Each structure stands twice: as C-alpha cells, then as structure tokens.
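Coordinate-derived values only; no laboratory data. Quick caveat: nothing in here was measured; it's all calculated off a predicted structure. Because the Cβ atoms are built from the backbone with ideal geometry, glycine has one as well, and the counts that use them run over all protein chains shown.
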Amino acid sequence: MKKKGFIECLTDFVSDSEGLTQEEIATELEELGIDTAELAAAADEIAKRGSAVRRLAWRDRAKERRAEVKELLKSKQIGRTALELKDKVREILMGSYGQGAFSYAEAYFRKRDSFSENDLESLIEDLEDLNLLEEEKDG
Amino acid sequence: MAHDRILELLERADWKDITFRLTHYAIWKACRYNWKSGSPDQLPGGRTPQDMALNAIEKVWTGVREWDPDKYPNLYTHLKWIVDSDIDHLIKSKEHDKSRRMPETRFYQASETPNPEEQLIAKENKALEDEIRNEFYVMVEGDEDLETLMLCFDEGIDKPQDIAEQTGWNVSKANNVKKRLFRKAAKLKHLIRKGEK
C-alpha cells in the first residue's frame with residue numbers, strides 16, 4: 001500500500017476531533033471566525049423541526065395502519081360469543097394500549113383468516129404475559 | 001430498526017457536540033481542495049463548510065440520508081460520510097474546475113500512464129505541496145513534538161494510534177500534540193490556503 005501525501009495526512013489528522021473536548025472544538029471554531037452560538041441554534045432548529053416532522057409522519061403511518069386493521073377485523077370471521085373480547089381487541093388495535101400491544105395484535109391478526117373466542121383469549125393472554133397491556137394502567 | 005426507535009435515538013443525540021465536530025470536520029475536509037471561488041469557506045452554490053455540516057444533519061432528520069443504527073451505530077460517523085459524499089459531489093460538479101484540485105495522492109496502475117495534462121498538474125501540485133510543507137516546518141520549528149508529527153505526515157502516518165506506535169508516544173500524547181496544533185489553527189488554515197489562486 002502506497003503512503004498518503006503530506007497534505008492529506010495533515011488535513012486528515014486535524015479533521016479528526018477524537019480526543020478533543022467540545023469546548024476545545026468550540027474555541028477552535030471561534031478562532032476560525034464561526035459564531036458557535038449561532039451554529040448550535042441552527043442545529044437545534046433543524047432537530048426540532050425534524051423531530052416534529054418525523055412525529056407527524058409516524059402518526060400518519062399509525063393512522064393508516066389502524067384503518068387497515070379495522071378493515072382486517074371486519075373481514076375476519078369472529079364467533080358471536082367472542083364479541084366482548086372483540087371490543088377489547090379493537091381497543092388494542094386502535095392504540096389505546098400503546099404501540100407494543102398494537103404491533104403484536106396487528107401481526108397476530110394478519111396471520112389468521114378467522115378467529116374463535118379461544119384465539120382472542122389467547123391473544124389477550126399473550127399480551128398480558130408480555131406486559132404489553134400495562135401501558136394503559138401506567139398512563 | 002423501527003422509525004420510532006430511530007426517532008428516539010435522534011432526539012437523544014447531543015446535537016451541539018455533533019454539530020461542532022461535524023463543522024470542524026467539514027472545514028478541514030474542504031481545506032483539502034482548491035476551490036474555484038479561491039476559498040474553502042466559499043464552496044460551489046454559495047455554500048460554506050458550516051452549511052455542509054448542517055445540511056448533512058438535516059438530511060438525516062428528513063430521511064433523505066436515512067440513518068440505520070443497526071448497520072451503523074455511530075451517528076457521527078454516518079454524518080461524516082454524508083459530508084464526504086456531498087463535498088465529493090461538489091468537487092465533481094460543473095461549478096467546480098476539477099483541474100484545480102488540491103494535491104492529493106493518486107496511484108496509477110502499472111499499465112496506466114498519466115497524460116501530459118495530468119503530469120503537469122502533478123508537477124504543480126508537488127511544488128505546491130513542498131511549499132506548504134516547508135512553511136509548515138517553519139511554523140512548528142522549535143516545537144520538537146510538532147516537528148516529529150511533521151515527520152510522521154512525511155511518512156504517510158496520520159492516525160493517532162499509528163503516530164503513537166511510531167513515535168513511542170501514547171495516544172493521549174498524540175491527541176495533546178493535536179491540541180497544540182489546533183492552537184495554530186488559523187495560521188494553519190491560512191498556510192493550507194496558499195494553494196488557492
């Protein structure tokens with residue numbers, strides 16, 4: 001392997017900030033004429049905006065998924081005796097019990113074409129075993 | 001990884017620290033090249049190295065350059081790749097004249113011969129590199145550690161671990177020498193800018 005040139009070595013060495021504290025980097029940036037307060041504020045603004053956009057996108061995706069799940073519930077054959085359990089499962093699928101329970105239940109429903117009362121009981125037992133129904137109680 | 005988990009990691013990141021380090025990285029990365037504007041602070045499209053750093057951060061937040069923490073756990077490294085890629089893109093852009101690139105090692109295959117233009121550029125770059133090297137030596141003269149560091153660069157050694165191994169220093173000392181070099185940052189940047197026309 002051939003060796004790197006002097007300029008490459010010099011710029012690669014100085015561009016690596018490992019071993020330097022944030023204060024030391026900030027001092028260097030200030031010496032190079034950069035307003036670090038302004039720079040940090042700009043990054044903070046990007047993070048706030050990005051976070052808001054990502055949260056909104058996540059809510060939109062969750063809304064779409066819940067709509068799909070409602071359709072899924074409608075299309076499955078569920079025994080009349082299981083209607084009360086179905087209400088509870090619907091709440092789970094609407095997100096009332098948190099994301100973990102929602103994802104688990106959604107996956108469970110997608111795997112099957114029809115549901116007996118036992119299937120719905122089994123689903124709720126699984127969720128209880130995994131402590132996924134705790135979220136509602138914990139607020 | 002799930003989107004909500006990525007969001008959580010992004011929200012927990014120390015953006016002030018990342019931004020300072022990434023800007024520092026972009027500044028010195030830009031210094032490596034000779035820009036048509038005549039300054040590594042003025043990149044094509046009216047951008048600055050700070051803009052390159054902030055744009056990389058924005059690309060991660062907006063998902064334009066999605067971060068996959070499972071594949072690449074270090075967010076800062078991922079951001080450095082984006083800066084590298086974006087600067088490389090600027091170098092190749094029509095706005096930038098490629099022939100005025102800063103000295104950089106190029107390895108020719110045995111069967112490959114540089115054309116006359118490349119030979120001329122290589123000759124000019126070599127002269128420029130020698131000039132910068134000599135001025136760097138004047139800048140650090142009398143500081144034994146920085147002189148040793150310069151010898152390492154001459155040998156193509158630039159990683160603190162490798163420098164420590166070659167010089168008998170520990171990595172901590174290599175990093176302390178780097179701090180001393182940073183105290184000359186403005187002078188160093190001015191020196192590297194000699195290559196600008």
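Working from Cα pairs under 8 Å separated by at least six residues, relative contact order for chain B is 21 percent. On the basis of the beta-carbon distance and an R0 of 25 Å, residue A:63 and residue B:72 show a calculated FRET efficiency of 0.25. Measuring how big chain B is from its alpha-carbon positions, Rg and Dmax come out at 19.1, 56 Å. Extension gain for residue B:93 to residue B:143 (0.36 nm times residue separation, less C-alpha to C-alpha distance): 13.9 nm. For the stretch B:3-97, the fraction of alpha-carbon pairs lying more than 19 Å apart is 39 percent, rounded to a whole number.
For chain A, what does the relative contact order come out to in percent, with C-alpha contacts under 8 Å and a separation of six or more? Show your work: numbers first, answer last.
On the way: 70 pairs, mean separation 26.4, N = 139.
Worked out over chain A, it gives 19 percent.
The helix-based estimate of mean residue ellipticity at 222 nm for chain A, built from -39,500 (n - 2.57) per DSSP H run of four or more residues and divided by its residue count, is -24000 deg cm²/dmol to the nearest 500.
Let me spell out the model: positive unit charges on the Cβ of Lys and Arg, negative unit charges on the Cβ of Asp and Glu, origin at the Cα centre of chain A. What dipole size does that give, in debye rounded to 20?
1220 debye
Quote the FRET efficiency, to the nearest 0.05, computed for residue A:122 versus residue B:4 with a Förster distance R0 of 35 Å and r equal to the Cβ-Cβ distance. That pair, residue A:122 with residue B:4, gives E of 0.85.
For the segment B:150-160, counting C-beta atoms of other chains within 10 Å of every residue's C-beta and taking the mean gives 5. May I have the pair-distance distribution P(r) for chain A, computed from all Cα-Cα distances with 10 Å bins from 0 and rounded to whole percent? Bins of 10 Å from zero give 10, 25, 17, 10, 13, 14, 9, 1 percent of pairs. Based on the Kirkwood approach, the hydrodynamic radius assigned to the protein assembly as shown is 24.0 Å, with every pair of different Cα atoms included.
When both the stretch B:1-60 and the stretch A:1-54 are represented by their alpha-carbon centers, they are found 8 Å apart. Under the convention that each Lys and Arg Cβ holds +1 and each Asp and Glu Cβ holds -1, the size of the dipole of chain B around its Cα centre is about 520 debye. The Rg/Rh ratio of the stretch B:116-196, with Rg taken over Cα atoms and Rh as the Kirkwood radius over Cα pairs, comes to 1.04.
Projecting the Cα atoms of B:169, B:132, B:186 onto the charge dipole of the stretch B:116-196 (Cβ charges, centred on the Cα centre) puts B:186 farthest toward the positive pole.
In a reduced charge model with +1 at each Lys and Arg Cβ and -1 at each Asp and Glu Cβ, the protein assembly as shown shows a dipole moment near 1140 debye about its Cα centre. Subtracting the Cα-Cα distance of residue A:38 and residue A:129 from 0.36 nm times their residue separation leaves 27.7 nm of extension gain.
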